[in-house]
1. Does Val352 satisfy the condition of being closer than 30 Å to Thr27 by Cα and either aliphatic (A, V, I, L, M) or open to solvent by 80 Å² or more (accessible area, probe 1.4 Å) (or both)?
2. Just a yes or no: is a residue in the range 153-164 β-branched (Val, Ile, Thr), over 30 Å from Arg204 (Cβ atoms) and modelled with pLDDT of 80 or more?
3. Check Arg347, Arg282, Arg355, Arg341 and return the single one that is of a type in the set (D, E, K, R) and free of Cβ contacts under 8 Å to residues at least 60 places away in the same chain.
4. Please count how many residues of the range 107-123 are outside any loop (DSSP other than H, G, I, E, B), of a type outside the set (Lys, Arg) and surrounded by fewer than 13 Cβ atoms within 10 Å (Cβ to Cβ).
5. Restricting attention to the range 143-156, and to residues there that are open to solvent by less than 40 Å² (accessible area, probe 1.4 Å) and touching a Lys or Arg at 6+ places or on another chain (Cβ under 9 Å), which single residue is nearest to Leu75 (Cα to Cα)?
6. Which residue is surrounded by the fewest Cβ atoms within 10 Å (Cβ to Cβ), if the candidates are limited to the range 219-249 and must be touching a Cys at 6+ places or on another chain (Cβ under 9 Å) and among the hydrophobic types (A, V, I, L, M, F, W, C)?
7. In the range 196-237, which strands (runs of 3 or more DSSP E) lie fully inside it and hold 2 or more residues that are under 17 Å from the mean Cα position of the chain (by Cα) and of a type in the set (Val, Ile, Thr)?
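The values are calculated or read from the model by the stated rules, or taken from the named source; none is laboratory data. The shown structure was predicted, so the numbers you read here are calculated from the model rather than taken from an experiment. FYI the Cβ positions are ideal-geometry reconstructions off the backbone, even for glycines, and counts take in every protein chain you see. Just so you know, the surface numbers come from the protein's heavy atoms only, side chains and all, with ligands and any DNA or RNA stripped out. Shrake-Rupley method; radii C 1.70, N 1.55, O 1.52, S 1.80 Å.
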Amino acid sequence: MGDQSAGNPSSPEVEVTHVVSQKLSTTVKLPAQLTAYEIVDVYPKVTGFVKWIKVDSGSRVRAGEAIAQLEAPELLAQKAEAESKYQGAESQLSAAQAKLAADQSTYKRMSAAAQTPGVVAQNDLEIAQRTSQADQANVEALTRSAQAAQEALRAVAQLEAYLTITAPFDGQVTHRYVHPGALVGPNGGPGALTAIVQIQTLTRHRLVVPVPEYDAAGIPQGTEVSFTVPSFPGRTFQAPIARISGAVDVKTRTMPVELDVQDPKAELDPGTFCEVSWPVRRSYTTLFVPTAAVGSDLERAFVIRVRNNRAEWVDVKTGATAGNLIEVFGDLADGDTVATRGSDQIRPGAPVSPRLAAPH
């Protein structure tokens with residue numbers, strides 16, 4: 001400080017300290033919301049009426065478990081028609097195969113007999129050969145028809161299987177939207193506006209943390225983070241950083257970050273607001289002053305720098321806090337002398353008598 005400690009006897013005495021430069025390593029408390037890792041509204045793939053539904057809000061379900069049954073009389077009629085067409089195609093194919101076998105046998109016998117001159121006329125042999133070839137072509141065509149009828153039957157059977165509604169994953173029913181008799185259907189069809197149930201996971205969650213842009217850098221994916229939940233006072237949970245969006249929301253100036261929360265006992269409820277102890281790290285040094293050194297006149301934040309026994313207001317932006325220090329960004333340098341208490345009563349240019357504060 002040099003001759004600043006001498007001061008001017010007529011000037012007010014001001015307690016001062018030095019701006020320090022250091023790498024930030026601290027934690028800040030951030031609000032976050034717990035959401036289900038997977039959540040889905042279950043819609044049917046075909047249109048039908050709800051015949052029965054065996055789950056309600058709060059029911060736990062397993063992946064593949066039947067939760068509701070639809071009925072669609074017109075689908076049963078389509079299946080009966082498809083079965084009839086398939087059976088008809090199979091019957092025609094069987095008859096054609098039998099005729100082909102008989103005509104091929106006739107042709108083989110005639111061909112063998114034709115080895116003896118004069119026994120079989122050449123014209124009759126050619127007719128038998130062409131008949132056999134025509135039978136072969138007819139069998140091939142009917143085989144394709146039977147295959148097409150079989151595929152049509154399978155398609156209708158698959159649609160019929162869709163009448164049974166199953167759970168897509170292990171979880172819990174959080175909403176039941178319909179009751180027996182309700183018309184439901186896929187997107188674009190009748191009843192498409194109504195889902196059957198909503199299911200969400202129980203033992204795995206996403207903890208979504210809106211991290212301020214100043215605090216979003218320098219934290220690698222996989223870092224373990226602590227958080228607390230109001231329903232479990234005094235208890236601390238841990239979860240790793242799983243997903244970092246990498247983009248700052250222009251409206252809130254925050255970056256969404258997700259923690260992957262494993263909850264094997266299904267203790268935590270999705271939708272709960274939590275408090276996260278977010279680690280703030282800087283890979284570079286920044287400047288710090290005592291938190292009380294930052295003043296405000298409702299228009300700007302500032303610190304009072306003392307040079308040559310006179311006060312200077314330096315506009316700053318504040319960052320994170322670390323103990324009793326706060327990060328500041330502005331026209332300051334490491335080692336600058338600033339007042340320990342920022343007050344608009346000390347006007348810019350006013351003479352002061354600086355007194356170095358005792359170290360804490």
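1. no
2. No, the range 153-164 has no match at all.
3. Matching residue, one of Arg347, Arg282, Arg355, Arg341: Arg347.
4. Here is the first cut: in the range 107-123, the ones outside any loop (DSSP other than H, G, I, E, B) are 107-113, 122-123.
After this cut, where a residue has to be of a type outside the set (Lys, Arg) as well, the list is 107, 110-113, 122-123.
Those left that are additionally surrounded by fewer than 13 Cβ atoms within 10 Å (Cβ to Cβ): 112-113, 122-123.
So the answer is 4.
5. Among them, the one singled out is Val156.
6. The first filter runs over the range 219-249 and keeps only residues touching a Cys at 6+ places or on another chain (Cβ under 9 Å), leaving 227-230, 237.
Applying the additional criterion that residues be among the hydrophobic types (A, V, I, L, M, F, W, C) yields 227, 229, 237.
On the way: Phe227: 21, Val229: 18, Phe237: 20.
The extreme case among them is Val229.
7. The qualifying strands (runs of 3 or more DSSP E) are 204-212.
Here is a yes/no grid of residues against (1) assigned to a strand (DSSP E or B); (2) closer than 18 Å to Leu34 by Cβ; (3) not acidic (Asp, Glu):
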position: Ile241; (1), (2), (3): yes, yes, yes
position: Lys251; (1), (2), (3): no, no, yes
position: Gly271; (1), (2), (3): no, yes, yes
position: Cys274; (1), (2), (3): yes, yes, yes
position: Val280; (1), (2), (3): yes, no, yes
position: Val289; (1), (2), (3): yes, no, yes
position: Leu298; (1), (2), (3): no, no, yes
